[in-house]
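*Asks:* Encoded as structure tokens, here's the structure I'll be asking about.
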Amino acid sequence: EPEVTQTPSHQVTQMGQEVILRCVPISNHLYFYWYRQILGQKVEFLVSFYNNEISEKSEIFDDQFSVERPDGSNFTLKIRSTKLEDSAMYFCASRRLEGGDTQYFGPGTRLTVL
Amino acid sequence: AQSVTQPDIHITVSEGASLELRCNYSYGATPYLFWYVQSPGQGLQLLLKYFSGDTLVQGIKGFEAEFKRSQSSFNLRKPSVHWSDAAEYFCAVGAVGGATNKLIFGTGTLLAVQP
């Protein structure tokens with residue numbers, strides 16, 4: 001069964017450093033998402049991406065964040081200058097169709113900013 | 001604004017006992033509703049979903065949920081819990097008609113299963 005994959009599983013970085021989190025969505029999916037979960041808090045929507053552009057972003061997704069689909073398979077989230085409060089689990093998700101089709105989530109990348 | 005409330009942060013049940021996890025949502029129209037489960041160190045796995053039609057939906061691992069519009073609820077149930085069901089459970093609502101269909105999650109309910 002196809003699944004969403006994410007690398008790395010755990011990333012440790014120093015404050016102010018750039019990080020890139022990688023995701024490989026399910027191959028025939030068209031909509032891509034990033035969510036994050038700060039420890040002990042709820043899963044929060046960051047951004048959605050369709051047709052090579054951002055379709056919606058949350059207030060969390062400021063200028064320090066960017067997303068890219070550099071090729072036909074990868075979907076990346078870049079944080080330009082990490083802050084302590086960026087420490088969280090980051091989930092990638094993908095969806096096949098418009099409407100209420102199900103989002104399938106990857107296993108997550110735990111980002112720790114020191 | 002859309003929101004999801006899971007009033008129970010932590011629930012402990014005995015193996016073999018029945019389970020009900022509560023979820024209430026706030027949304028202006030009929031939403032799409034989901035239950036996801038997260039085992040330690042794992043991602044979010046879809047248990048079941050409601051889009052329309054029959055208000056009682058069946059999911060994987062013997063779970064079911066019932067959509068009650070009058071109560072704005074989508075409670076998750078299982079008649080007999082197994083030790084492997086110990087995990088965190090998230091209820092989520094998805095926007096209907098929007099292109100992005102972002103999910104709004106509740107805070108989760110952590111389920112512990114006693115032998």
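Each reported figure results from applying straightforward, stated rules to the coordinates on display, with no laboratory input. Model, not experiment: these values are computed from the prediction. Every residue, glycine as well, gets a Cβ built from its backbone with ideal geometry; the counts of neighbours run over all protein chains shown.
*Asks:* Taking each residue in B:33-42, count the Cβ atoms of any other chain within 10 Å of its Cβ, then average. What number comes out?
*Replies:* Mean number of neighbouring Cβ atoms from other chains: 2.
*Asks:* Continuing with the same structure: Can you give the net charge of the other residues whose Cβ lies under 11 Å from the Cβ of B:ASP8, counting K and R as +1 and D and E as -1?
*Replies:* Local charge sum for B:ASP8: 0.
*Asks:* Moving on to the next point. GluC sites (Glu not before Pro), restricted to the stretch A:1-71: which are DSSP loop and have at most 11 other Cβ atoms within 10 Å?
*Replies:* Passing sites in the stretch A:1-71 are A:GLU18, A:GLU59.
*Asks:* Okay, next question. Would you mind ranking A:MET15, A:MET89 by Cβ crowding within 10 Å, fewest neighbours first?
*Replies:* Listing A:MET15, A:MET89 from fewest to most nearby Cβ atoms yields A:MET15, A:MET89.
*Asks:* Of the DSSP beta bridges with both residues in the protein assembly as shown, give the percent that are antiparallel, rounding to the nearest 5.
*Replies:* 90
*Asks:* Let me ask another. Just list whichever of A:LYS57/B:LYS68; A:LYS42/B:LYS61; A:LYS57/B:LYS61; A:LYS83/B:LYS102; A:LYS57/A:LYS78 have alpha carbons separated by over 22 Å in the model shown.
*Replies:* A:LYS57/B:LYS68; A:LYS42/B:LYS61; A:LYS57/B:LYS61; A:LYS83/B:LYS102
*Asks:* What ranking do A:ASP63, B:ASP85 get, fewest neighbouring Cβ atoms within 10 angstrom at the top?
*Replies:* The order, fewest Cβ neighbours first, is A:ASP63, B:ASP85.
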